[in-house]
Amino acid sequence: LLALWLGAAGCREMNKHALSASLLHFLMVCSVMPTCVATLDLLSFPIVDGHVHLMDPAQGFKYSWAPESGGGNTCKQDCAVCTGNSTNCNVYRHWTVQDYLMAQVNNATKLVFMEVATMNEGVEEAQWVQHLADTTQPLIRGIVARCPLEMGSAVEPCLQAIADIPLVRGVRCNFGTDSNGTSLNASFVEGVQLLAKYNLTFDCVVQTATLPLVGALATAAPNVTLIIDHLGEPKIDATGSELSEWSARLHAVATHANVFLKLSGGPQQYGNADWTVEAVRPFIQEALSAFGPDRCFYAGNWFWVNNYSNLGRWSAGLWAILRSLDVSDTNLAKIYSETASRVL
């Protein structure tokens, strides 16, 4: 295995931190995945990771999902003491780019930071990440920040502030539906439309049931690039119980040229560490059929993936799926680098 890895890694110059980390994690992944040989060329393939979370509790940001934010959940820094929502508490700690490099099984050349659902501190969070990129973390080459688009035109001061941050490429916030989730909130649509003024994208967090609303938003905001996170969050299981409904809705949304899709979230949508390549493969196949490599791209969803699996296993598993689907090297380059670089 060492000889094979060195041969693959020697094909391209790799980040020096990634080089040692990827050997360790390649061996770890191979110990549990029979598809490890298929991941050898992944180690030498330049990759843009379009969805990377970072956080530092010492910054003092309040997170809507964090155990310390209420609901009877408490968590001290680095989860030394946790009660309540133990799953979220497992990831409530300081996560750095160095942690990412130790977790990867790829040659990441660019990272796009994804907001971590701060509570009314999206501008400050983006400024913190910009500072990291300027000082110690040059791999960070893009930021998707948080602004409350549901405020409609009143969100503009937030948009102006993040637009002044050099690496900000887009916005993510709660997807604005009405109280029963069947239609778009008018103020939210107004907020999304304003993104065109600042040349910012919008990341859509939706599920199978709300996927059609992305199409409605694409029509209402034709000059804004919409990016669906985590395949549109279908339920993934061994029987593919939601595959047909999700696929039909995804193909319908894909008819809108301003909508893109992240190939991410497989373990999350399976729900636990028992996820398999076989269960995820048909969802990736349908995603590629709907959007093609020019409008979908790789994303690791680190560190959140650690709630359900780990970055190394997801990265290697997706690569094995794409190789099993005979995706060409030209199209792999689009999925893993070119499409994300063009959009973000």
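Below, the figures for the structure above:
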{"item": "Residues satisfying the stated conditions in segment 214-232, i.e. crowded, with 20+ Cβ neighbours inside 10 Å and not hydroxyl-bearing (Ser, Thr, Tyr)", "result": "Val214, Leu217, Ala218, Ala221, Val224, Leu226, Ile227, Ile228, Asp229, His230, Leu231, Gly232"}
{"item": "Some residue of segment 258-266 being surrounded by fewer than 24 Cβ atoms within 10 Å (Cβ to Cβ) and out of contact with any Cys (no Cβ under 9 Å at 6 or more places or on another chain)", "result": "yes"}
{"item": "Residue among Val205, Val253 that is within 27 Å of Ile143 (Cβ to Cβ), touching a helix residue (DSSP H, G or I) at 6+ places or on another chain (Cβ under 6 Å), surrounded by 15 or more Cβ atoms within 10 Å (Cβ to Cβ) and of a type in the set (Val, Ile, Thr)", "result": "Val253"}
{"item": "Checklist (1) among the small types (Gly, Ala, Ser); (2) surrounded by fewer than 17 Cβ atoms within 10 Å (Cβ to Cβ); (3) within 20 Å of the chain's Cα centre (by Cα) applied to Ala186, failing item", "result": "(3)"}
{"item": "Residue list for segment 135-153, restricted to those being in contact with a strand residue (DSSP E or B) (Cβ under 9 Å, 6 or more places away or on another chain) and part of a helix (DSSP H, G or I)", "result": "Leu149"}
{"item": "Any hit, segment 242-251, residues being in contact with a Ser or Thr (Cβ under 7 Å, 6 or more places away or on another chain), among the aromatic types (Phe, Trp, Tyr) and modelled with pLDDT of 95 or more", "result": "yes"}
{"item": "Residues of segment 283-316 satisfying the condition of being in a helix (DSSP H, G or I) and either among the β-branched types (Val, Ile, Thr) or open to solvent by 40 Å² or more (accessible area, probe 1.4 Å) (or both)", "result": "Ile284, Gln285, Glu286, Ser289, Trp304, Val305, Asn306, Arg313"}
{"item": "Single unsatisfied condition, Val171 versus (1) touching a Ser or Thr at 6+ places or on another chain (Cβ under 8 Å); (2) outside any helix (DSSP H, G or I); (3) open to solvent by 20 Å² or more (accessible area, probe 1.4 Å)", "result": "(3)"}
{"item": "Pairs, first closer than 21 Å to Tyr298 by Cα in segment 227-244, second of a type in the set (D, E, K, R) and in a strand (DSSP E or B), C-beta under 7 Å, six or more apart", "result": "Ile227/Asp203; Ile227/Lys262; Ile228/Lys262; Asp229/Asp203; Asp229/Lys262; His230/Lys262"}
{"item": "Residues (charged (D, E, K, R), more than 16 Å from Asn107 (Cα to Cα) and at pLDDT 95 or above) located in segment 315-339", "result": "Asp326"}
{"item": "Residues of segment 268-281 classified as more than 19 Å from Val206 (Cβ to Cβ), open to solvent by 40 Å² or more (accessible area, probe 1.4 Å) and in a helix (DSSP H, G or I), total", "result": "2"}
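Residue by residue, here is whether (1) closer than 15 Å to Gly300 by Cα; (2) open to solvent by 10 Å² or more (accessible area, probe 1.4 Å); (3) in contact with a helix residue (DSSP H, G or I) (Cβ under 9 Å, 6 or more places away or on another chain) holds:
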position	(1), (2), (3)
Asn107	yes, no, yes
Val112	yes, no, yes
Glu115	yes, no, yes
Glu125	no, no, yes
His131	no, yes, no
Gln137	no, yes, yes
Ile140	yes, no, yes
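The values are calculated or read from the model by the stated rules, or taken from the named source; none is laboratory data. Since we're looking at a predicted model, the values are computed, not measured. Ideal geometry is used to build each Cβ from the backbone, glycine not excepted, and the neighbour counts take in all protein chains shown. Just the protein is used for accessible areas: all its heavy atoms, side chains included, with ligands, DNA and RNA removed. Shrake-Rupley method; radii C 1.70, N 1.55, O 1.52, S 1.80 Å.
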